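Below is one structure, written out as structure tokens; comments come after it.
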Amino acid sequence: QVQLVESGGGLVQAGGSLRLSCAPSWRTFGSNAMAWFRQPPGKERDFVAAISWSGDSTAYADSMKGRFTISRDNAKNTVYLQMNSLKPEDTAVYYCAARWGGPTTRRDDYHYWGQGTQVTVSS
């Protein structure tokens, strides 16, 4: 069964940091572009960051540039999202996604999704 399992969410004060992790259940993880999306309460699921299979290419939503960093360790079969200088408006469910091919910012391009992990930033 194909699965993406996220971890690392939680409650943090504004200005704090969290690191999310995502581990796919399949062995050919190194062939996938990976991404993070987020869905605030009552809103659409939006793009956060994406990374190519090699890690050489990354993309970020404008509001995350300079604060969030996506990375991957193919040897550990894991992709990460380091989130710094968190703001209350970063509160959302964060989803990991995977696709065969290059990284994109479009939600519909991704073939596999995790169940999401809640991130809550208090003011």
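Here are some conditions: (1) β-branched (V, I, T); (2) within 18 Å of T120 (Cα to Cα); (3) exposed (fewer than 12 other Cβ atoms within 10 Å of the Cβ). V2 meets all but one. Which one does it not meet?
Exception for V2: condition (2).
Looking only at the range 34-50, count how many residues are over 12 Å from T104 (Cβ atoms), open to solvent by 10 Å² or more (accessible area, probe 1.4 Å) and either of a type in the set (G, A, S) or modelled with pLDDT of 95 or more (or both).
Within the range 34-50, residues that are over 12 Å from T104 (Cβ atoms), open to solvent by 10 Å² or more (accessible area, probe 1.4 Å) and either of a type in the set (G, A, S) or modelled with pLDDT of 95 or more (or both) number 8.
Which is more than 18 Å from Q118 (Cβ to Cβ), among the hydroxyl-bearing types (S, T, Y) and open to solvent by 20 Å² or more (accessible area, probe 1.4 Å), of S7, S54, S21? Please lay out each step first, then the result.
Details: S7 fails: more than 18 Å from Q118 (Cβ to Cβ); S21 fails: more than 18 Å from Q118 (Cβ to Cβ).
Step by step, each of S7, S54, S21 is checked, and only S54 is more than 18 Å from Q118 (Cβ to Cβ), among the hydroxyl-bearing types (S, T, Y) and open to solvent by 20 Å² or more (accessible area, probe 1.4 Å).
Taking into account only those residues within the range 58-77 that are of a type in the set (S, T, N, Q) and modelled with pLDDT under 95, which is nearest to V119 (Cα to Cα)?
Initial filter on the range 58-77 (of a type in the set (S, T, N, Q)): 58, 63, 69, 71, 74, 77.
Checking which are modelled with pLDDT under 95 leaves us with 63, 74, 77.
Working: S63: 16, N74: 25, N77: 22 Å.
Of everything passing the filter in the range 58-77, S63 is nearest to V119 (Cα to Cα).
List pairs: first residue in the range 108-123 and over 15 Å from R38 (Cα atoms) and assigned to a loop (DSSP other than H, G, I, E, B), second residue open to solvent by less than 70 Å² (accessible area, probe 1.4 Å) and aliphatic (A, V, I, L, M) anywhere in the structure, Cβ distance under 9 angstrom, at least six positions apart or on different chains.
These pairs meet every condition: H111/A97; H111/A98; S123/A14.
Only one residue in T105, T69, T120 is open to solvent by 30 Å² or more (accessible area, probe 1.4 Å), under 12 Å from the mean Cα position of the chain (by Cα), of a type outside the set (D, E, K, R) and within 16 Å of S17 (Cβ to Cβ), so which one is that?
Details: T105 fails: within 16 Å of S17 (Cβ to Cβ); T120 fails: under 12 Å from the mean Cα position of the chain (by Cα).
Exactly one residue qualifies, and that residue is T69.
For the range 72-102, name all the residues that are open to solvent by 30 Å² or more (accessible area, probe 1.4 Å), among the small types (G, A, S) and touching a residue at least 24 places away in the same chain (Cβ under 8 Å).
S85, G101, G102, listed by residue number.
The values are calculated or read from the model by the stated rules, or taken from the named source; none is laboratory data. Predicted model only: the values in this text are computed from it and were never measured. Cβ: placed from backbone, ideal geometry, glycine included. Neighbour counts: every protein chain shown. These accessible areas exclude ligands, DNA and RNA; they are computed on the full protein's heavy atoms, side chains included. Shrake-Rupley method; radii C 1.70, N 1.55, O 1.52, S 1.80 Å.
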